[in-house]
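The values are calculated or read from the model by the stated rules, or taken from the named source; none is laboratory data. Quick caveat, the model's predicted, so the values are computed rather than measured. Here Cβ is always computed from backbone atoms with ideal geometry, including for glycine, and neighbour counts include all displayed protein chains. Just so you know, the surface numbers come from the protein's heavy atoms only, side chains and all, with ligands and any DNA or RNA stripped out. Shrake-Rupley method; radii C 1.70, N 1.55, O 1.52, S 1.80 Å.
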Amino acid sequence: MGRINVAALMMEAFGTFFFVLTINSVHALVPMHMNALSAPFAIGFSRVLLTFIGGHVSGAHYNPANTLALLISAKVDWLHAIIYVGIHTAAAFCSGWLVYGLFDHTYAPGPGPLFKWYHAFVVELLWSFIEASAATHTLQHPTKPRAFYGFTLGLVYVVGNALFSNVSGAVFNPAFSIGTTLVHIMAGNNKGEGATAKYIYIYLVAPTIGGGMAGLYHQVVKTFKDKKS
């Protein structure tokens, strides 16, 4: 298992904080003045930027679903995986509080007004599978990322937000869901018929299943590839 890589933990905190900051800021600013059409690009290219910054240090997971997939794929050990998930959640929580302080806005994900819980569940599961698959097939060596890695992961968010933001909120990240929902509740904004924290189970269970599926799928593909070679 080896020693704890403090630099990697610091980078996961840094990357997750600023990635969630971008997403929360989009949710806060679109109702004010931000062009909604630019939202997927703001989120996707922030993922590109932060992957370039942190990929060679920590692998740029920034998402427990990715960490689970990479754990199953033997790309990260148990100790770092557990600490990564805790750091992801804490960073998302801190980011949520900052956006609340700046814009007086909190966010808890839930299905869009025209959709049911199962629409959101399926979308979050499938697109988390896509993101975690992108992570397992590109972040194969956490200390030697290639230039296209960031763009691969960024495109997941550009396409996912463009397609599904009105269905599920296009979250694909359990840490984001926990951190921002906690801020939403603590700020007293989860009341009445508009309460959305009740949907938290969707955003915890679906991405976790998607991440696990991606890790298993990667291992199956790797097994057949190794047999062929």
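What residue, among those in region 118-156 that are at pLDDT 95 or above and among the aromatic types (Phe, Trp, Tyr), is farthest from residue 209 (Cα to Cα)?
Looking at residues that are at pLDDT 95 or above and among the aromatic types (Phe, Trp, Tyr), I get 118.
Pairs needed: first member in region 108-125, in contact (Cβ under 8 Å) with a residue 24 or more places away in the chain and farther than 13 Å from residue 206 by Cα; second member anywhere, part of a loop (DSSP other than H, G, I, E, B) and open to solvent by 40 Å² or more (accessible area, probe 1.4 Å); C-beta distance under 6 Å; at least 6 residues apart or different chains.
Pairs that qualify, where the first residue is in contact (Cβ under 8 Å) with a residue 24 or more places away in the chain and farther than 13 Å from residue 206 by Cα and the partner is part of a loop (DSSP other than H, G, I, E, B) and open to solvent by 40 Å² or more (accessible area, probe 1.4 Å), are 112/166.
Looking for whichever is of a type in the set (S, T, N, Q) and without any contact (Cβ under 8 Å) to a residue 12 or more places away in the chain here; the options are 58, 38, 25. Which one fits?
Values: 58 fails: without any contact (Cβ under 8 Å) to a residue 12 or more places away in the chain; 25 fails: without any contact (Cβ under 8 Å) to a residue 12 or more places away in the chain.
Result of the check over 58, 38, 25: 38.
Of all residues in region 94-122, which are of a type in the set (A, V, I, L, M, F, W, C) and open to solvent by 20 Å² or more (accessible area, probe 1.4 Å)?
Residues of region 94-122 that are of a type in the set (A, V, I, L, M, F, W, C), as a first pass: 94, 97-99, 102-103, 108, 114-115, 117, 120-122.
Passing the criteria: 94, 97, 98, 102, 103, 114, 115, 117, 121, 122.
Based on this model, can you work out whether residue 54 counts as open to solvent by less than 10 Å² (accessible area, probe 1.4 Å) and at pLDDT below 90? Give the derivation first.
Details: open to solvent by less than 10 Å² (accessible area, probe 1.4 Å): yes; at pLDDT below 90: no.
So residue 54 fails the test.
Return the residue satisfying two criteria in turn: it lies in region 183-218 and is exposed (fewer than 14 other Cβ atoms within 10 Å of the Cβ) and part of a loop (DSSP other than H, G, I, E, B), and of such residues it is modelled with the lowest pLDDT.
Within region 183-218, the match that is modelled with the lowest pLDDT is 191.
Tell me yes or no: at least one residue of region 72-93 is modelled with pLDDT under 90 and either more than 18 Å from residue 13 (Cβ to Cβ) or surrounded by fewer than 16 Cβ atoms within 10 Å (Cβ to Cβ) (or both).
Of all residues in region 72-93, those modelled with pLDDT under 90 come to 74-75.
Going one step further and asking which of them are either more than 18 Å from residue 13 (Cβ to Cβ) or surrounded by fewer than 16 Cβ atoms within 10 Å (Cβ to Cβ) (or both), we end up with 74-75.
The answer is yes, given that some residue of region 72-93 is modelled with pLDDT under 90 and either more than 18 Å from residue 13 (Cβ to Cβ) or surrounded by fewer than 16 Cβ atoms within 10 Å (Cβ to Cβ) (or both).
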